[in-house]
Amino acid sequence: MDREDKRRYLVVGSVILEIVSPQLRKRLEDFYTSKGFGCLQDFINSLPVKHILFHLRHKNSKCCVDTANCVNQQSLPLNYSQWNRMYTAGSKKHNCHCKYTAKPISLNDLDLTLLSLILLKCCSLSLDEETLISDLREFKNNYLSHNTDGAITETEYNTLWTDLTTHVLQLDPSKHNNLVIIQNRPLDESLCQYYVTCLLDVHVILEKIDTKIDATSAEIQTTIGNGNTEVMKTIGTKTAELLATMGINNDVLMAKIEEVLQNMICQRCKRNINEQ
């Protein structure tokens, strides 16, 4: 991996974060305001939208209302982190979309993956818009979401760049000069590292070691009677052991993963205790 590989990553990441994501946020805002909603929270808290999103996260569930529109998805495109970012559970015992209430959330809290999912599933789009948004999401997933190195080879870049810029200009023809400026941007190491943390789908990476997290949580449960200090020490040790298996050479990214991983372990411990 050389500096030019990193610079190419920075260029592509800058297009996604500085041009594409703001445009999709504007498209989502325009849609929900046209429907009379004052903010994103009100929109995702509306029953039809909440119902759609609920079934993108939960399998084998029948809701107490609007059962005709309950859909059992073959796969769950909405991950637990995205769902928990948007909704909080109430006190109702049954598992249904009416159990959940939207959290205070702004458009800036949504990354491209979640933005595109809400647009495609909950908004009225033209066929051209659907194709454009799906392709842009695919570009991010293929080149950035799982790229822990923060680098793109010349071959990959040459394959991607023409398609990416064509799609961006279809989204907003006024962005030609912005693309030229970004394409000639010199490498900024700190900005590149920061963009890696923004673009990487941390939770997908952690889901790949889900069984290890379960085992770690079970081991930590055995220390719960020893007091908070011992429990936190064990969590810290086990988190470090899991991080060491990932082979990621990015201090900023590792700090983010460590924070999320510790939270996952704590949540898993709480869940296991509640199920006992």
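Taking the range 3-200, how much of its Cα-Cα pair set, in percent, is spaced more than 21 angstrom apart? Mind dumping the intermediate values first?
Working: 10899 of 19503 pairs.
Counting every Cα pair in the range 3-200, those more than 21 Å apart make up 56 percent.
Ranked from the most accessible area to the least, with a 1.4 Å probe and all protein chains present, what is the order of HIS176, HIS51, HIS167?
Result of the area sort, largest leading: HIS176, HIS167, HIS51.
Roughly how much of TYR100 is accessible, in Å² to the nearest 10, using a 1.4 Å probe?
Roughly 20 Å² of TYR100 is accessible to a 1.4 Å probe.
Tabulate in residue order the Karplus-calculated ³J(HN,Hα) for the range 100-108, using 6.51 cos²θ - 1.76 cosθ + 1.60 with θ = phi - 60°, rounded to whole Hz; enter x for Gly and Pro.
Residue by residue, the range 100-108 yields 10, 10, 5, 7, x, 8, 10, 4, 5 Hz.
Can you sort LEU28, LEU191 by 1.4 Å-probe accessible area, starting with the largest?
LEU191, LEU28
Around GLU4, with a cut-off of 15 angstrom between Cβ atoms, what is the net charge of the other residues, counting Lys and Arg +1 and Asp and Glu -1?
Net charge around GLU4: -2.
Going by Cα centres, the range 63-83 and the range 105-147 are how many Å apart?
With the range 63-83 and the range 105-147 each reduced to a Cα centre, they are spaced 18 Å.
Give, as a single signed number, the net charge of other residues whose beta carbon lies under 15 Å from the beta carbon of ASP66, with Lys and Arg counted +1 and Asp and Glu -1. It would help to have the intermediate numbers written out before the result.
Working: positive: LYS50, LYS62, LYS99; negative: none.
That sum, taken over residues with Cβ under 15 Å, equals +3.
Accessible surface of PHE139 in the full protein assembly, 1.4 angstrom probe, to the nearest 10 Å²?
That residue has around 40 Å² of solvent-accessible surface.
Can you tell me the relative contact order of the range 3-200? Whole percent, Cα pairs under 8 Å, sequence separation 6 or more.
It rounds to 34 percent for the range 3-200.
Local charge sum around PRO22 (other residues, Cβ-Cβ under 13 Å, Lys/Arg +1, Asp/Glu -1)? Intermediate values should be presented prior to the final figure.
Working: positive: ARG25, LYS26, ARG27, LYS175; negative: GLU18, GLU29, ASP30, ASP111, ASP172.
Residues near PRO22 contribute -1 overall.
Just the accessible area for GLU189, please: 1.4 Å probe, Å², rounded to the nearest 10?
70 Å²
Which value, in Å³ per residue, describes the convex hull spanned by the Cα atoms of the range 1-94?
150 Å³
Measure off, as a whole percent, the carbon and sulfur share of the 1.4 Å-probe accessible area of the range 70-149, all protein chains present.
On the way: 1750 of 3860 Å².
Using a 1.4 Å probe with all protein chains present, the range 70-149 comes out at 45 percent carbon and sulfur.
Could you pull out the pairs from LYS35/LYS175; LYS26/LYS121; LYS59/LYS103 whose alpha carbons sit more than 20 Å apart here?
LYS35/LYS175; LYS59/LYS103
The values are calculated or read from the model by the stated rules, or taken from the named source; none is laboratory data. Since we're looking at a predicted model, the values are computed, not measured. No Cβ is skipped: glycine too gets one built from the backbone with ideal geometry, and neighbour counts run over all protein chains shown. With ligands, DNA and RNA removed, areas are computed over all heavy atoms of the protein, side chains included. Shrake-Rupley method; radii C 1.70, N 1.55, O 1.52, S 1.80 Å.
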